Structure formats: C-alpha cells, structure tokens
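The values are calculated or read from the model by the stated rules, or taken from the named source; none is laboratory data. Since the structure is predicted, the reported quantities are computational estimates derived from the model, not experimental observations. Note that we place each Cβ from the backbone using ideal geometry, even for glycine, and neighbour counts take in every protein chain shown.
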Amino acid sequence: MQERLQKFLASAGVASRRKAEELIVQGRVKVNQRVVTELGSKVEPGKDLVTVDGKLVSAPESRAYHLLYKPPGCVTTASDPEGRPTAFDYLRGVSARVFPVGRLDWDAEGAVLFTDDGELANRLAHPRYGHRRVYLVKVKGDPPPEALQRMVAGVRLEDGPARALEAAVHEHAEKNVWVRVVVGEGRYHLVKRLCEAVGLQIQRLFRPEFGGVTVEGLRPGQSRPLSAAEVRAMKQSVGLAPGEPSPVSRSLPKAARRHGHGPPAPARPPAPPRGGGGAGEPRPRNAPRGGERPSGRGRGGGRSR
C-alpha cells in the first residue's frame, strides 16, 4: 500500500513529519535513485528504495517510546554549542534513534517523550489534535485570582494572542504557590510568557506528565520505556488508535526536591573487568540520583512545548 513520502519518513523515525517535509523540499530525499522534492509524492514501503542524504531508510519492525524526567540545567537538543549537558546524555542505554517530543527549556524540568515514531510525534505536536500540555508553575507569593482569569481569557504576546486552557492554584507552599497551567499549543516559551504577561514571577517550571504519562517514580535524569497500554492510550488520545483513551488521573506527581548545585550526572558504562579486555555490560539507562541546578532565568537551548 502506498503512503505519502513524508509520512513514511516520519514513521521510519527519520524525523517528525514537519521536519521530513523540509528534508524533501531541500532535495535531500531520493526515491529509487531520483531526487523527489514534491510533498505529494507517494512510496510503497518494502518496494521503493528511499534514501536521505544517501542513507537507506526502512521502517523499523518496532517502535521505541521512552519517558525522561528531564532535570533543570540541560538542553533538550542533541548537542549544544555552549557545551551544556543535553537530555540525550541521560539516554545512553537507548539504542533506537529517538528524538524528543515536546521540548523543555534549559531551566525547566519534567516529562519529555523520546520516540522514533514520527507520526505520533506529529500528532502530539500539532494543536489540531487536541493534545493538552499540563504544567505546574511555582510562582512567588499568592497569585491574584484576576491574574489567572486573565491568563485564561487571553493576552496579547509579541507573536500574537495566546491563552491558557486552564489556570488555577494547585498547591500552597511555605512562601510560594504552585499554579496548574494547561495549554493547547507548543509556542516558544509560552507558559513563561503567559505568566509574565499577567504579572506572575516564576520560581520553577515543572511538567509532571506528557501525553497522559507521568514521571511518577522517576528521579531527575531517570527514564523508562512506556508500557504497551501507555502507548496505546497515547495514540488513542490523538486519533492514531481505535477506541477511547482511559480517563487521565487528576493526581499529578510533585516535582523532585532540590539539593545540590547542578543536574545529576548521566550514567556511564562501567570500566572493563581486569584482564577481560572487553567491554562490560552497560549500566542501566537511568542516571543515578543527584542534585539539580536551581532554576532562575534560562539561557535558551530548547522550548517548552
């Protein structure tokens, strides 16, 4: 059965569908040794030969889905020109070629999905499919009710009007308050800018879940594969699987307690045993427990989506 070229590239884990479209338009994709730049082009998996930058592309037999508790003090990109830690440093045990879905800012923390499923990534990223992004924002003092009402009613930002789907007090801390903010799009620094537009001073930004899967049980820097039931529910929520998704629990995990002065160190493979000469078994993918960098103002390096 034929399918659109950009969908095939996305399902093969090359990139999200939007990025795959850019690769096609840039002339980097060939089908049966011929450059294809038309987005409406179709291919038949298993029959047509597809390459990107000269490398053969084939759809994997199975997909990889991993949820990372991204710590503050690292970027979500694969590399950073400033040499800062990246979220991929915490996924060294994942052999699949995964990419992040729903980036978080350098100083933000919480759930980030890593997968090679480009079609699911596209659905989760596009506002059309109704994926709700839930954040817990620690703000200074007690936010005025009218500020939260303004956030939901809508404000004008430098790139146009924006609004939160929900904004309500979640929990009172000793001197600050956690506010639950839900948005329906992944615009650049959207949650931060909404809060600043209504006069709220952000102390900490935490995303407790993504796609209905929470970071419950994970420490910053740790990750885990999604269960088959979690993947199915995530796909159902954006129309990629039949049936209705199970209701998402209203209970959200708390952000990890902060101690130390930097992100936790990524797990590293152990040294070879003496006299063995070969590589030992790799250590678990999850990073050891460690401190986290205090938040404050970010320095770029990723988006909260």
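Things to note:
- Members of the stretch 147-172 found to be in contact with a strand residue (DSSP E or B) (Cβ under 7 Å, 6 or more places away or on another chain), surrounded by fewer than 16 Cβ atoms within 10 Å (Cβ to Cβ) and either among the aliphatic types (A, V, I, L, M) or at positive phi (or both), listed by number: G154, L165, A168, V169
- Single residue of the stretch 38-61 satisfying the filter (assigned to a strand (DSSP E or B) and hydrophobic (A, V, I, L, M, F, W, C)) that is modelled with the lowest pLDDT: L56
- Every pair of residues 6+ apart whose Cβ atoms lie under 7 Å, when the first sits in the stretch 211-239 and is closer than 25 Å to D89 by Cβ while the second is among the polar types (S, T, N, Q): G211/S237; Q222/N286; S223/N286
- Selection within the stretch 25-54 - of a type in the set (V, I, T) and touching a residue at least 12 places away in the same chain (Cβ under 8 Å): V25, V29, V31, V36, T37, V43, V50, T51, V52
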